[in-house]
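**Student:** I am attaching a structure below and will ask some questions about it afterwards.
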Amino acid sequence: MSALLRAFAFILLLGFLFVPPCFGASDEHAVPDPEQLAFLEKFHGHVCGGSLFGARLGLAAKEAIRTSGGKGKLKAQYFDISCPVDGIQVFAGTTYGNAALSVIDQNEHRLVLTAKDSKHYVVATMTPKALDVAKKSRKLRKQAKSLPKNSGERLALEQEIADIFAWLGTAPTSEIVTLVTGQGN
Ligand SMILES: [Zn+2]
């Protein structure tokens, strides 16, 4: 092999080694838009892990159902009356007012999104890691509330909570949401 060919092969190898891993396009798209998150905060009245759960579940399920070929109006069912419902309304576009959302209160953070015409469905749940992190944020919030306002310790806890919310809003979908898709009646 000539020196030139060897050099060329070496450059090719370097390129192969240093090209970053390719993430699925749908995963990139499924990270919530910051402006829409700001709207959710206003609509919901506060920032919380629950509304972010809803945003991630709603957006991921909506993208997954369209990717799997789902056609027609989307209908959502959620199995807990709590903060995620508002995130789902904003990010899946299925609202209580447009009769595309029903909520069954049985203490389950599970979203089922169905496409009316093609009967495709997506079941979206939170990953154990996301549930753990949200649980931690609730614990930290309780601790923070017991401390004097503006104390260094409280501000540090509040920063930790803000970091958790930032992660919930921006981490790749696969870290936050588990999706199961199918087609049925
Ligand atoms: Zn909330």
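**Student:** Between Gln36 and Lys73, 0.36 nm times their residue separation minus their Cα-Cα distance comes to what?
**Tutor:** Once the chain is fully extended between Gln36 and Lys73, it gains 11.2 nm.
**Student:** Moving on. Which whole-number percent gives the relative contact order of region 110-157, counting Cα pairs below 8 Å spaced six or more residues apart?
**Tutor:** That works out to 22 percent.
**Student:** Output the antiparallel fraction of DSSP beta bridges having both residues in region 50-185, as a percent to the nearest 5.
**Tutor:** If we restrict to bridges inside region 50-185, about 85 percent are antiparallel.
**Student:** Could you tell me the calculated FRET efficiency between Lys119 and Phe43, based on Cβ-Cβ distance and R0 = 30 angstrom, to the nearest 0.05?
**Tutor:** The value I calculate is 0.45.
**Student:** For the residues Val133, Val180, what sequence is obtained by ranking on other C-beta atoms within 10 Å, fewest first?
**Tutor:** By the 10 Å Cβ count, ascending, the order reads Val180, Val133.
**Student:** Residue by residue through region 53-62, which ³J(HN,Hα) values in whole Hz follow from phi under the Karplus form 6.51 cos²θ - 1.76 cosθ + 1.60 (θ = phi - 60°), with glycine and proline marked x?
**Tutor:** 4, x, 4, 5, 5, x, 5, 5, 5, 5
**Student:** Once you keep just the Cα pairs under 8 angstrom separated by 6 or more residues, what percentage relative contact order results for region 67-185?
**Tutor:** This gives 28 percent for region 67-185.
**Student:** For a footprinting-style exposure proxy, rank Glu153, Glu63 by other Cβ within 10 Å, fewest first.
**Tutor:** Fewest-to-most ranking of Glu153, Glu63: Glu153, Glu63.
**Student:** Taking the simple approach of a point 7 Å from Cα along Cα-to-Cβ for both Glu160 and Thr95, what is their distance in nm?
**Tutor:** According to this spin-label approximation, the distance is 3.8 nm.
**Student:** How far, in nm, would the chain grow between Lys142 and Asn107 when pulled straight, counting 0.36 nm per residue and subtracting the alpha carbon separation?
**Tutor:** Stretched out fully, the Lys142 to Asn107 stretch lengthens by 10.5 nm.
**Student:** Just want the answer: with Cβ charges of +1 for Lys and Arg and -1 for Asp and Glu, which residue in Gly97, Ala144, Ala124 is farthest toward the dipole's positive end in region 83-156?
**Tutor:** Sorting the options by dipole projection puts first Ala144.
**Student:** Okay, moving on. Using the count of nearby Cβ atoms within 10 Å as a rough guide to exposure, how do Thr114, Thr125 rank from fewest to most?
**Tutor:** Starting with the residue having the fewest Cβ neighbours, the order is Thr125, Thr114.
FYI, it's all coordinate maths here, none of it is from the lab. Predicted, not measured: the structure shown is a model, and the values here were computed from it. FYI the Cβ positions are ideal-geometry reconstructions off the backbone, even for glycines, and counts take in every protein chain you see.
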